[in-house]
Amino acid sequence: MFNIVNNDFNKGFQITFSNKMTVSVMFGKMSHSDGNTAEVAVFNDDDIWFILDQDDNLVPVKDGTDVMTWVSANKVADIISKVANF
């Protein structure tokens, strides 16, 4: 499922896969991004959030939520692939 975000603060999209994991990719003045990067969040339908660890593996956030900031286009594609195959 795709969801488009387009408001005064952020622009972007969310993709939810059959494994019930969602990737959120945001750009805009309220995100940690610039013209060459995006802010990326990964979470599941149980509201468990994930980030990449130092070995580039998706790991759950211990407490609360977290996002990956200043993410390059190639890394966004890599994260989407990891989430789709999680």
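The values are calculated or read from the model by the stated rules, or taken from the named source; none is laboratory data. Everything numeric here is computed off the predicted structure, so don't read it as measured data. No Cβ is skipped: glycine too gets one built from the backbone with ideal geometry, and neighbour counts run over all protein chains shown.
Could you list, in sequence order, the residues of the range 67-86 that are touching a residue at least 24 places away in the same chain (Cβ under 8 Å) and not in a helix (DSSP H, G or I)?
Of everything in the range 67-86, those that are touching a residue at least 24 places away in the same chain (Cβ under 8 Å) and not in a helix (DSSP H, G or I) turn out to be V67, M68, T69, W70, V71, S72, F86.
May I ask you to verify whether D47 is without any contact (Cβ under 8 Å) to a residue 24 or more places away in the chain and under 21 Å from M1 (Cβ atoms)?
Details: without any contact (Cβ under 8 Å) to a residue 24 or more places away in the chain: yes; under 21 Å from M1 (Cβ atoms): yes.
Against the criterion (without any contact (Cβ under 8 Å) to a residue 24 or more places away in the chain and under 21 Å from M1 (Cβ atoms)), D47 qualifies.
Considering (1) touching a residue at least 24 places away in the same chain (Cβ under 8 Å); (2) on the phi > 0 side of the Ramachandran plot, say which one D34 fails and leave the rest.
Only one criterion is unmet by D34, namely (2).
In the range 12-47, which residues are acidic (D, E) and farther than 11 Å from M68 by Cβ?
Step one: of the range 12-47, the residues acidic (D, E) are 34, 39, 45-47.
Selection gives D34, D45, D46, D47.
Output the residue which, of all residues in the range 45-63 that are in a loop (DSSP other than H, G, I, E, B) and among the aliphatic types (A, V, I, L, M), is farthest from V83 (Cα to Cα).
Narrowing the range 45-63 to residues in a loop (DSSP other than H, G, I, E, B): 45-48, 53-57, 61-63.
Right, trim to among the aliphatic types (A, V, I, L, M) and you get 48, 61.
Working: I48: 13, V61: 15 Å.
Once the filter is applied, the top-ranked residue is V61.
Just to be sure, is V42 free of Cβ contacts under 8 Å to residues at least 60 places away in the same chain, touching a Ser or Thr at 6+ places or on another chain (Cβ under 8 Å) and either within 20 Å of G12 (Cα to Cα) or not in a helix (DSSP H, G or I) (or both)? Steps first, please.
Details: free of Cβ contacts under 8 Å to residues at least 60 places away in the same chain: yes; touching a Ser or Thr at 6+ places or on another chain (Cβ under 8 Å): yes; either within 20 Å of G12 (Cα to Cα) or not in a helix (DSSP H, G or I) (or both): yes.
Yes.
Cβ contacts < 8 Å: first residue at pLDDT below 95, restricted to the range 12-28; second residue outside any strand (DSSP E or B) and hydroxyl-bearing (S, T, Y), any location; separation 6+ or different chain. Result?
F27/S33
So which residues in the range 35-66 are at pLDDT below 95 and either closer than 13 Å to V25 by Cβ or hydroxyl-bearing (S, T, Y) (or both), if there are any at all?
T65
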